[in-house]
Every structure is written in structure tokens, then in C-alpha cells.
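Notes to accompany the following structure.
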Amino acid sequence: MVSGADEDFDRTSPSLTGTTPGGASGESTSGESASSQLFERWFGLSAGGTSVRTEVLAGVTTFATMAYILVVQPAILSTDLAGRPLGLDFGAVFVATCLGSAFASLLMGLYAGYPIALAPGMGENVFFVTVVMGLAALGVAQPWQVALGMVFVSGLAFILLTLVGLREALIDAISPSMRAAIAVGIGLFIAFLGLRQGGLVVGRPTTLVGLNPELRSAEVGVFAAGLLLSSVLLARRVRGALLWGMAGSAVVAALLGKVTFKGIIALPQVAHSAVLAMDPLGALEPRLIPFVIVFLFMGLFDTVGTLVGVSEQAGLLRGGRLPRANRALLTDAAGITVGAALGTSTITCYIESAAGVSAGGRTGLTAVVVGALFLVSVFFGPLVAALGSYGPITAPALVLVGSMMMANAARVAWDDLSEALPVFLTVVGIPLTSSIADGLALGFVAYPVVKLLAGRRREVGWLSYLMAALLLAYFVLVRHQLG
């Protein structure tokens, strides 16, 4: 296992050592510009086989695929499941989403050196709303403030678990086949999301999902145009193919009148600030501790799953392990605590980062670009809302990235059923439950159980058995209460 303490000691500031987070020397040729030398010294672009242009393009691509959260997050957190006001102000959540995502993404790029962006997690935000509604039903005086306190406390717990090495140990405990399964499962999940956002797949009462009978709809047209353009450009190995595809989708959507711009630059309107409105002491009330544990559990598995899956896709794992894992995990934990202090639900690593990886992103500069764009988004609310709120524009990128991640299926030991069965549960569990956390839980429970019953218990470490026991308890005692 990688030692987080030794690792952080060795990886001191490049200004002091002349080395980069990527491990490359800070030296550069005299022909390079001062800015290029700075980027090379800090991010190790040469060692990563990339360039400033590629990293910027990858960052823009990642941001474009996840910009929807700027619209979705305030819409979810400002109302309950019945559409009634929840207490959190729409503008306040928008600002918290921009600033919290910017902080976490910048930290991931500058401190951990990974091309992985962070933002409030889908799934965690819906759970946050159900918790607020539950707290209100229990008679809690300030339900949304206490819920933010729960997120804050879970973030502090993440930091503690990371410092003692437990989260990093969990990553190292995942077998090569299971790591590949995570990437494949996430690929299927985001491809399915893309097909839904693009209007090609719709819900059906009898079969749950099916092909949209209205293939002549504007949504399908916009999606098809972007998918075709991106696919052709990818086949021709054109740089930024996914980004150009989204630009093409946006043009078609504008021509069809599906995207309207009510302005470009505007400061957000905040009626009631949510900064430091959290109530961590209220969250520590004994009867509410189970909610904190669930926040902790959901964030843990979403982060680990996404971090391993995207890193596997980018080829960043070394000997089956994630270098600088401690830094990446501490970044995620810090993002959770800062996000809660700003007024938003759990911030986590985003699976859409795979889009930037597919565009060539390999270093922390990609994440820095995403963070900068989140900061700028505070002043470009109308523009971001117009593009990010129309799913068919970004849907083609999700589908294509999902298809690329399927290549990881070749790394699974399919001829070994003790590996293949847990892998299969993970691969189908993530998209079918619409939850990375639940899909991983299914696989992580099955893996040690199958190994044990197959008489191969020594192939599994103690941590895997412990996690399986905890997850079984979670499923039996807690999960059924969450719906």
C-alpha cells in the first residue's frame, strides 16, 4: 500500500524542490514561454504525455459535460419532492455550487495532480432533500441547517478516515477485476444517462425503459447531430472531438429554438445566504447519527468508485494502485466540508471527468481549468443555464465516453467465476440501481462471500470481509428505510 505520510513528505512544493506532482523535472527548453515553463514545472505535462492545449481542452470538455449541475443542484435543493419550498434559496445554492465545485476542483488539480473534477453529487442531493423532509417530520426546528451540519460532520469524518489510511486501504483492497468492473459499470451508467438525456430512450410502464417512439422530436435531432459529429471526429482522431460535438449540438438546438439566451453576464440574486448556516451540533444529536453515517457511506463509495474508475480509464494506476491516493481523498473530504459550509450537499468526484480524460486530460491542469470555469460561472449564470439545462447538448459526450470505458471489460478474469460473478453484479448493479454506491456495494458484498465459499478465502484481505459485513448490515438495517 502507498504510504500517505511518506508520499506527502516527498511531494513538497515544486518551488522548493524543482519537481512536479507528476514527477517530471521542472526544467524546460529556452524556447518555451514563461507560462508553459510554469505549467510544466507544476503539473509535469511532459511526463503525462500531454500539453497545455490538450489539458485546457480536456478541462473545458469535462466542465461542459457536468455544467448541468449548476442548474440541477439549486433546483433540487430549493424545493422538496412535492415541489414545495425547502428553505434553501435557489440563488444561494447556485453560488455555493459554483464556489464549492471550484474550490474542490482546484485543490484536486493543484494538490493531488489528477484530472478529476468535483461538484455536488447527484443522488446525494436527492438524499439530502429526503433527510430535510424527514427532519421536518421529526419536528427539528431548522431541518436544512441540520442537514448541512450532517454533511459537514461527514466531511470531517472523511478527513479522519483518510489521515489514518483507511480510505486508501480500501482502494488498494479492490482486485484488478473489480477495478475494471467499476470502470465498465460507470461507463454503462453514464451512457444510459446520455441516452435518456438525449431523448432516445424513454420510460415505459411495462418494460421500464424503451426506444422513444417519437424519433422525429427536436431532442432526438439535437442528440443525433452531436453524436454523429463527435463520432466522425473521434474516428478521424480530431482533438476535442467531444467538445466540437457539443458545440454542434448547441447550434442545432439554437436553430430549433430549444436554447434561448436571456443574457450572458449577470450576478446571481441571493435572497437568503446559506454560508455558514449549517448546524453541526444539531447533527450530532444521537437519534440523527444514522443519517450522518449514511451520508458518510454514500460519499465514500461514490468517491472511491469514481476515482478508481476514471483513473483506470486514464491509465493512471501504477501496479494496480493509485499514486497520491491520500491527496485525492483528502481533496474530496475537504470539498465536502467546504461545500457544506457554503451551503450545498455532498461534493464528490464526478464521473463526467472521464469525458476530459477521453479528450486527453492526464494531469491536474485539467481539474484546474474546470475549477476556474466554475468560478467564472458565478458571473455567467444565464449562459450556463441555457446550455447546461438542455440535456441533448451534452448527452452525446456521455454516450461516447461510456462506450470507451467498456474497453476495460477485457481486463476482467472472466474465466474465473469467483472473480466474474462479483464483477457482473457490479457492472449491472451500477446502471440498474442508478447508483454508483449501491452497485459497488453489491459487488463488494459478493466478492468476499464467493471467494470464501469457493475455498479461496486467503485471496481476500481482512478489510474486504469487514466491508462486506458492514454493507450487509447497511442493506438489512438502513437501506430499506431510504426507499
Inset, instruction - Scan Ala112, Ala104 and give me the residue that is crowded, with 23+ Cβ neighbours inside 10 Å, farther than 24 Å from Val292 by Cβ and either at pLDDT 95 or above or not hydroxyl-bearing (Ser, Thr, Tyr) (or both). - result: Ala112
Inset, instruction - Please tell me if Val132 is surrounded by 23 or more Cβ atoms within 10 Å (Cβ to Cβ) and farther than 25 Å from Thr363 by Cα. - result: yes
Inset, instruction - Confirm whether Leu161 is in a helix (DSSP H, G or I) and more than 19 Å from the chain's Cα centre (by Cα). - result: yes
Inset, instruction - Kindly provide the set of residues from segment 57-83 that are of a type outside the set (Asp, Glu), touching a helix residue (DSSP H, G or I) at 6+ places or on another chain (Cβ under 8 Å), part of a loop (DSSP other than H, G, I, E, B) and over 15 Å from Thr97 (Cα atoms), ordered by number. - result: Leu81
Inset, instruction - Check segment 92-105 and report whether any residue there is free of Cβ contacts under 8 Å to residues at least 24 places away in the same chain, small (Gly, Ala, Ser) and in contact with a strand residue (DSSP E or B) (Cβ under 9 Å, 6 or more places away or on another chain). - result: no
Legend entry - Which listed residue is of a type in the set (A, V, I, L, M) and out of contact with any Ser or Thr (no Cβ under 7 Å at 6 or more places or on another chain), from Leu138, Leu156: Leu138
Inset, instruction - Answer yes or no as to whether Thr306 is exposed (fewer than 12 other Cβ atoms within 10 Å of the Cβ) and hydroxyl-bearing (Ser, Thr, Tyr). - result: no
Inset, instruction - Go through segment 125-149 residue by residue and tally those that are of a type in the set (S, T, N, Q) and under 23 Å from the mean Cα position of the chain (by Cα). - result: 2
Legend entry - Within segment 419-459, considering residues that are touching a residue at least 24 places away in the same chain (Cβ under 8 Å) and not in a helix (DSSP H, G or I), the one surrounded by the most Cβ atoms within 10 Å (Cβ to Cβ): Ser435
Legend entry - Those residues of segment 127-139 which are in contact with a Leu (Cβ under 8 Å, 6 or more places away or on another chain) and either modelled with pLDDT under 85 or over 15 Å from Gly343 (Cα atoms) (or both), in sequence order: Phe127, Thr130, Met133, Leu135
Legend entry - Filter result for Ala355 (under 25 Å from Cys98 (Cβ atoms) and surrounded by 24 or more Cβ atoms within 10 Å (Cβ to Cβ)): yes
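Yes or no, residue by residue, for (1) within 27 Å of Arg237 (Cβ to Cβ); (2) out of contact with any Phe, Trp or Tyr (no Cβ under 9 Å at 6 or more places or on another chain):
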residue: Ala277; (1), (2): no, no
residue: Leu284; (1), (2): no, yes
residue: Val292; (1), (2): no, yes
residue: Phe301; (1), (2): no, no
residue: Gly305; (1), (2): no, yes
residue: Leu330; (1), (2): no, no
residue: Thr348; (1), (2): no, yes
residue: Ala354; (1), (2): yes, yes
Legend entry - Residue match in segment 118-126 (condition: of a type in the set (Val, Ile, Thr) and either assigned to a strand (DSSP E or B) or at pLDDT below 85 (or both)): yes
Inset, instruction - Working only within segment 390-438, note down all residues that are among the basic types (Lys, Arg) and either under 10 Å from Ala191 (Cα atoms) or touching a Pro at 6+ places or on another chain (Cβ under 6 Å) (or both). - result: none
Inset, instruction - Six or more apart or on different chains, Cβ under 7 Å: which pairs go from a residue in segment 146-160 that's under 15 Å from Gly121 (Cβ atoms) to one that's of a type in the set (Ser, Thr, Tyr) and surrounded by 24 or more Cβ atoms within 10 Å (Cβ to Cβ)? Could you list them? - result: Val151/Ser345; Val151/Thr346
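To keep it simple, each residue is scored yes or no on (1) farther than 30 Å from Val220 by Cβ; (2) of a type in the set (D, E, K, R).
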position	(1), (2)
Arg237	no, yes
Ala241	no, no
Ser249	no, no
Ala254	no, no
Val270	yes, no
Ala277	yes, no
Pro286	yes, no
Pro290	yes, no
Inset, instruction - Residue by residue through segment 45-90, note down the ones that are small (Gly, Ala, Ser) and under 15 Å from Phe374 (Cα atoms). - result: Ala58, Gly59, Ala64, Ala67
Inset, instruction - Determine which single condition Ile186 fails, assuming it passes every other condition in (1) at pLDDT 85 or above; (2) within 22 Å of the chain's Cα centre (by Cα). - result: (1)
Inset, instruction - State yes or no: is Thr50 at pLDDT 50 or above and either on the phi > 0 side of the Ramachandran plot or not in a loop (DSSP other than H, G, I, E, B) (or both)? - result: no
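The values are calculated or read from the model by the stated rules, or taken from the named source; none is laboratory data. Being a predicted model, the structure only gives us computed values, none of them experimental. We place every Cβ from the backbone using ideal geometry, glycine too, and count neighbours over all the protein chains shown.
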